[in-house]
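What follows is a single structure, written as structure tokens, with notes after it.
The values are calculated or read from the model by the stated rules, or taken from the named source; none is laboratory data. The shown structure was predicted, so the numbers you read here are calculated from the model rather than taken from an experiment. Positions of Cβ are generated from backbone atoms using ideal geometry, with glycine treated the same way; all protein chains shown enter the neighbour counts. These area figures cover heavy atoms from the full protein model, side chains too; ligands, DNA and RNA do not enter into them. Shrake-Rupley method; radii C 1.70, N 1.55, O 1.52, S 1.80 Å.
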Amino acid sequence: MSLVSLALIFVACRTSSVPEKRIVEYSELLRLELLGMREKDQKVREGFSSSMTEETMTAILAVDGEHLGRLKEIVSQYGWPGRSLVGADGAEAAWLLVQHAPSPFMKHCLPLLEDAVEAGESEARHYAYLYDRVQVKDGNLQRYGTQYKFTQEGVLEREPLADPESVDERRVSLGLPTMEEYEAILRATYQ
């Protein structure tokens, strides 16, 4: 057996012994696709408020549904699309899009995003937003104070929060503004 044959067998054995660790190269095409999806996602949400028309809500749901299938394919193929695969802006686009997906898919992505944060592939603040969104959708208390809703009167109201006394400490540790600063931003944006 030649030295080349032995080397190929060694590489094949090494590759098949660690299937969960995929070597992923940067993909500009995937990055651009995610950025395009984000642009469409945000365009349809322009003017988001408590007084959106039924037509706008239908358009938002249609775009979210259109993106869901592709997001599932991406996550299935690559795991969480982190910085080394799609760049910082592509990873941020993926996070934003997943926040607009149905709850089961958000739940599926949460541990993937957590691992990506631990590996330096994504932002800790992204995890905070997705964690809170999953908690609120499940009827639980949020941890980071990122989730708000509009009341029937059209007033912006924070979803219930666990341990509100130390929320600013948790937020600042992840690079988020304090609750007071965040609420001021939300009110200026949505009211």
Does at least one position in segment 80-98 carry a residue that is among the polar types (S, T, N, Q) and exposed (fewer than 14 other Cβ atoms within 10 Å of the Cβ)? no
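Okay, residues lined up against (1) aliphatic (A, V, I, L, M); (2) modelled with pLDDT under 95; (3) closer than 30 Å to residue 154 by Cα:
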| residue | (1), (2), (3) |
| --- | --- |
| 28 | no, yes, no |
| 39 | no, no, yes |
| 43 | no, yes, yes |
| 46 | no, yes, yes |
| 52 | yes, yes, yes |
| 56 | no, yes, yes |
| 68 | yes, no, yes |
| 85 | yes, no, no |
| 90 | no, no, no |
Which residue pairs have Cβ atoms under 6 Å apart, sit 6 or more places apart or on different chains, and have a first residue in segment 52-81 that is in a helix (DSSP H, G or I) and a second that is open to solvent by 80 Å² or more (accessible area, probe 1.4 Å)? 63/40
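Based on what the data block shows, is residue 171 open to solvent by 40 Å² or more (accessible area, probe 1.4 Å) and touching a residue at least 24 places away in the same chain (Cβ under 8 Å)? Full working, then the answer.
On the way: open to solvent by 40 Å² or more (accessible area, probe 1.4 Å): no; touching a residue at least 24 places away in the same chain (Cβ under 8 Å): yes.
It is false that residue 171 is open to solvent by 40 Å² or more (accessible area, probe 1.4 Å) and touching a residue at least 24 places away in the same chain (Cβ under 8 Å).
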I'm checking my understanding of the structure. Among residues of segment 144-163 that are out of contact with any Lys or Arg (no Cβ under 9 Å at 6 or more places or on another chain) and not small (Gly, Ala, Ser), which one is most open to solvent (accessible area, probe 1.4 Å)? 152
Kindly provide the set of residues from segment 32-91 that are acidic (Asp, Glu) and within 23 Å of residue 111 (Cα to Cα), ordered by number. 64, 73, 89
More than 19 Å from the chain's Cα centre (by Cα) and surrounded by 14 or more Cβ atoms within 10 Å (Cβ to Cβ): is that true of residue 183 in this structure? yes
